[in-house]
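Read the figures in this text as sums done on the coordinates, not as results from a lab. Everything quoted here is computed from the prediction, not taken from an experiment. Quick reminder, even Gly has a Cβ in these numbers, built from the backbone with ideal geometry, and neighbours come from all protein chains shown.
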Amino acid sequence: MNFSRSFFFLCFCVSAPALAQPSGPLISPEIHANQSVTFRLRAPKAQAVECRGQWDRMSVAMVNEGGLWSLTVPKVEAGVWEYSFVVDGLTLIDPANPEQKPQRNPTASILHVPGTPPKVWDFQDVPHGTVHQHEFHSASLGRRRSAWVYTPPGYETSGEVKYPLLVLQHGSGDRHETWVKHGKAHWILDNLIASGKAKPMVVLMIDGHPLGQVPREAADKRAESLKAFENELIKDALPLVERLYRVSAKRDDRAIAGLSMGGWQSLSIGMNHLDLFAWIGSFSGAVDEKEIQKPLDNAADTNAKLKLLWIACGDKDFLLERNEQIVSTLKAKGVKHDWLLTLGDHSWPVWREYLSQFAPLLFR
């Protein structure tokens, strides 16, 4: 088993002298009634510790009292935020917090501050669906792979009812479970379905890294990875869901969407497989126009098959220019689409909002 530098450093910091710190469980983060939040870390041998939070994009020095480092942030706005500790220059998760953002190289913990009234991604007192975890043999890759599947509230007792299917993909730094653990996609859908804003649907989330994480600059390897993902999705993952779940086989009942890398995969695969998907969403994604040249050059046929092509990006996103380029091409080619430019950057607070806006549009 391989252990990261973070693990060894943590063992060094949380060593025998740390056990002599005040007894009782260490609470971190601790959310107070006034929405101030206290963060704590036992690291008696550390020289400097900072807390870096997504809510303000700042790194703030923590105070050391006998090896117990702490920081209280006066107020954190409601939301699901990422944060890390920076210990002597090394970025670490919060060891006292079991809520960690699933990443290829985990460095962020999760702080969830519920809203009043609750936000669409908060847990609410409504009927809830189920998230199923699958390990399966991918024939196209020749090895074990993983997938998560969300079934909506009432699925288990709905008899022979068949449901539409959304394939929902993560970004390049994340894993297939990130849409649930950090994106709160299951709660977003639960709340939208309970309010009548979204139709009940099954959601498939699979690992978008069939060949491991590929650097952005490795164009040939990225193309190979995209093809491998396409093959696995069509030959392995979709048949798995069709075999185990009551999903509609109609293309009008199939959608594919994702964020960042997942948006690129959704645009490329969705536009080239309009025989399988009628609904396509890209959240801060981008695609090389050459990858979708055929549907671009056959606008009439593309428009006849598309129910929705929905593209959204933030005004501070580093992929904004590429999004504007593809939107300009879609306009020039006469391919129907919805374009949403919002405030925000390339981050999860933006993508949760996008899912909450995209899901109600599906399968109408």
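Here the stretch 154-212 is assigned +1 on the Cβ of each Lys and Arg and -1 on the Cβ of each Asp and Glu. Its dipole about the Cα centre then comes out at about 200 debye. Averaging the Cα positions of each part gives two centres, and for the stretch 109-130 and the stretch 301-354 these lie 27 Å apart.
Computing FRET efficiency as 1/(1 + (r/R0)^6) for residue 333 and residue 249, where r is the C-beta to C-beta distance and R0 is 30 Å, gives about 0.50. For residue 333, the aspartates and glutamates whose Cα comes closer than 19 Å to its Cα, not counting residues fewer than 8 places off in the same chain, are 288, 289, 291, 297, 301, 321, 324. The relative contact order of the chain, computed from alpha carbon pairs under 8 Å that lie at least 6 residues apart in sequence, is 11 percent. Look at the Cα gyration tensor of the stretch 309-364: its axes a ≥ b ≥ c give a/c of at least 1.5 with a/b at or below b/c, and that counts as oblate.
A DSSP coil position with no more than 10 other Cβ atoms inside 10 Å describes none of the chymotrypsin sites (Phe, Trp or Tyr not before Pro) in the stretch 31-123. Considering only 153, 348, 274, and ranking their Cα positions along the charge dipole of the stretch 130-361 that arises from unit charges at the beta-carbon of Lys, Arg, Asp and Glu, the one farthest toward the positive end is 153. Mean residue ellipticity, 222 nm, helices only, the chain: the sum of -39500 (n - 2.57) across DSSP H runs of n ≥ 4, divided by residue count and rounded to 500, is -7500 deg cm²/dmol. Residue 197: which aspartates and glutamates have alpha carbons under 18 Å from its alpha carbon, excluding same-chain residues fewer than 8 sequence positions away? Here the aspartates and glutamates satisfying the reach criterion relative to residue 197 are 122, 125, 253, 353.
Sparsely packed loop sites in the stretch 31-83 (the GluC sites (Glu not before Pro) outside DSSP H, G, I, E and B with at most 15 other Cβ atoms within 10 Å) comprise 77. When the Cα gyration tensor is reduced to axis lengths a ≥ b ≥ c, the ratio a/c is 1.5 or higher for the stretch 92-163, and with a/b not above b/c it is classed as oblate.
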